[in-house]
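Readers should treat all values here as calculations from the given coordinates under stated rules, not as data from a laboratory. Computed from a predicted structure; not experimentally measured. Quick reminder, even Gly has a Cβ in these numbers, built from the backbone with ideal geometry, and neighbours come from all protein chains shown.
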Amino acid sequence: MSASETVPFVLLQSEEQPETSAFMNTFPLWASLAKTIPLAILAQTINEALASQEISEPGPVATPLLTRQEEKVLTLWMDGASNQKIASKLSIHGKTVYTYKRNIRMKLHMDTRYSPFLSLP
């Protein structure tokens, strides 16, 4: 109900009831309509309500769980590449590949080095 405290909404009612009036005075209401109204009027009311809202800026972007390099290592790892092949392809040391794999397992809560392959068909 937290969104309803600030964003007007459309209320569809079967019939007018005293409790509904108190509710409508508590929250911002765009329109109160009978459930028997034609669908075209309902659609128009909803479109008007949506069009009246100001467009807000998108929220902050979530930080990815894995770094780009870890994603590259994971992709090659899932393709079956050995540590040396991954190291060669990414121009990094074999020990670095091992470290990336360990970090990937920790971040993705994998128990063993075989865990990424357990969910494959």
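Details
- Candidates 112, 67, 8 compared by Cα position along the dipole of the chain: farthest toward the positive end lies 112, with charges placed on Cβ.
- What the Kirkwood sum gives for the range 68-108 is a hydrodynamic radius of 9.7 Å, with every pair of different alpha carbons counted.
- Filtered trypsin sites (Lys or Arg not before Pro), the range 1-99: DSSP coil and at most 14 other beta carbons within 10 Å: 35
- Under-5 Å amide H pairs with residue 32, H placed in peptide plane, nonlocal only: 11
- For the chain, calculated [θ]222 nm from helices alone, where every DSSP H run of n ≥ 4 adds -39500 (n - 2.57): -14500 deg cm²/dmol
- Principal-axis tilt of helix 68-78 within the chain, Cα atoms, nearest 10 degrees: 70 degrees
- Cα-based helix-to-principal-axis angle, 94-107 vs the chain, degrees rounded to 10: 30 degrees
- Degrees between helix 39-52 axis and first principal axis of the chain (Cα, 0 to 90, nearest 10): 70 degrees
- Using Cβ point charges alone (K and R +1, D and E -1), the dipole size of the range 68-108 about the Cα centre works out to roughly 120 debye.
- Viscosity 0.890 mPa s, 25 °C: Kirkwood-radius Stokes-Einstein D of the range 9-53 over Cα pairs, µm²/s: 219 µm²/s
- A DSSP coil position with no more than 16 other Cβ atoms inside 10 Å describes the following GluC sites (Glu not before Pro) in the range 1-87: 15, 16, 54.
- Coupling constants for the range 8-18 follow from the phi torsions by the Karplus curve (6.51 cos²θ - 1.76 cosθ + 1.60, θ = phi - 60°), and in residue order they are x, 10, 9, 10, 9, 10, 6, 7, 6, 10, x Hz; glycine and proline get x.
- Over all pairs of different C-alpha atoms in the chain, the reciprocal of the mean inverse distance, the Kirkwood hydrodynamic radius, equals 19.8 Å.
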